[in-house]
């Protein structure tokens, strides 16, 4: 069975354009708003905090422990060091929308 063709990703520039249209802003203002939101989220995660966005989901840091892995090409075993990763947990509302159980997304007013 053929694998379904993946849709292109929603990019930062498309997000800026969407914000520009929704808030009736200039392209520069919309870009500044998007950058400010991303910068705030990154700063909070950098300092160990959690970012929760109602009706969307939450982002938090997780520590992934060191692991022993084998290189599939050489067969050689090696150590992968521990590292911090960002984990996203979608909200129930987002999951319902993605799975087709909901209608249009609710506007976020909080």
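Observations on the model:
- In degrees, nearest ten, helix 12-23 long axis to first principal axis of the chain (Cα): 20
- Cα→Cβ-extended label distance, 7 Å offset, between residue 95 and residue 58, nm: 1.4
- Structural size metrics of the chain, computed from C-alpha coordinates, are Rg and Dmax of 19.2, 57 Å.
- By other beta-carbon atoms within 10 Å, ranking 89, 63 with the fewest at the front produces 63, 89.
- Of all the options 35, 76, 43, the one that moves most in a Gaussian network model of the chain with Cα springs shorter than 10 angstrom is 76.
- Fluctuation leader among 30, 93, 82 - the chain, Gaussian network, Cα springs under 10 angstrom: 82
- Mean separation of Cα contacts under 8 Å, 6 or more apart, over the residue count of segment 49-102: relative contact order %: 37
- In the chain, helices alone account for a calculated mean residue ellipticity at 222 nm of -11000 deg cm²/dmol, with every DSSP H run of four or more residues adding -39,500 (n - 2.57).
- Spherically averaged projected area of segment 49-102 from its Cα convex hull (nm²): 5.7
- Label-to-label distance for residue 70 and residue 7 is 4.0 nm, based on points extended 7 Å past Cα in the beta-carbon direction.
- Pairs of Cα atoms farther than 17 Å apart, segment 14-54, %: 39
Laboratory data are not the source of any read-out in this text; all were calculated from the coordinates shown. Owing to the predicted nature of the structure, the values given are computational and were not obtained by experimental measurement. In this analysis, Cβ positions are derived from the backbone assuming ideal geometry, glycine residues included, and neighbour counts consider all displayed protein chains.
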